[in-house]
1. Which condition number does D76 fail, the rest of (1) touching a Ser or Thr at 6+ places or on another chain (Cβ under 6 Å); (2) within 15 Å of V58 (Cα to Cα); (3) not basic (K, R) being met?
2. Scan segment 105-140 residue by residue and report those that are hydroxyl-bearing (S, T, Y) and in contact (Cβ under 8 Å) with a residue 24 or more places away in the chain.
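Please treat every number below as a calculation from the coordinates, not as lab data. Quick caveat: nothing in here was measured; it's all calculated off a predicted structure. Heads up, the Cβs are rebuilt from the backbone with ideal geometry, glycines too, and the neighbour counts pull from every protein chain shown.
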Amino acid sequence: MTAFISKSLPATVLLLSCAVAGCDDGMDVNSVLTEKGLDGSPVVLGVSSPTARRQIAVDVRPANEERGDIQSLYLDVSIKPSLQGVGSEEHGRPWLRARVLQASDGRLVTESLWVLGEPGFEGYLNNIHISGCIRQERCEAAYVLELERQGPPTAGELHLTWRTQARLIWTDPDESTVAMTLREE
């Protein structure tokens, strides 16, 4: 039994990696995973200004004359809210709606809604697939992160910090052959 496990473990890890990364039949086992993170500008949402938008852009291209292709490209967003100056909760807690929209046409990509109030809460919008980039050598994509305070009209402000991360699987196993930028515009 031990011999079977030790011989099948590398294949199992490769299959699981491929399943998590969203690989298809054309997955090259010599690909490289590259990640880039960005801490976004802070957001404050009050009763009189309940909505804020931030634009996120990702750009992938070959770094030199060697070529490769994008096998998968994903964005993840994490949001940490903090309620400031909130009194009693007799009217309830505010909610936070986070949406990711295509910057080009406003099409909704994903969204989530959270009731706030628990200290240390963090919300996630994960595995946002950038579909127009697969098997391309270059890709530029832009998204809008829309943050909206909703729910009962409680006093105080909602302070948000957010972070986004891009994950790229590139066909060339040499990470120096690809350049990826992630920025807030």
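1. Result: D76 fails condition (1) only.
2. Y124
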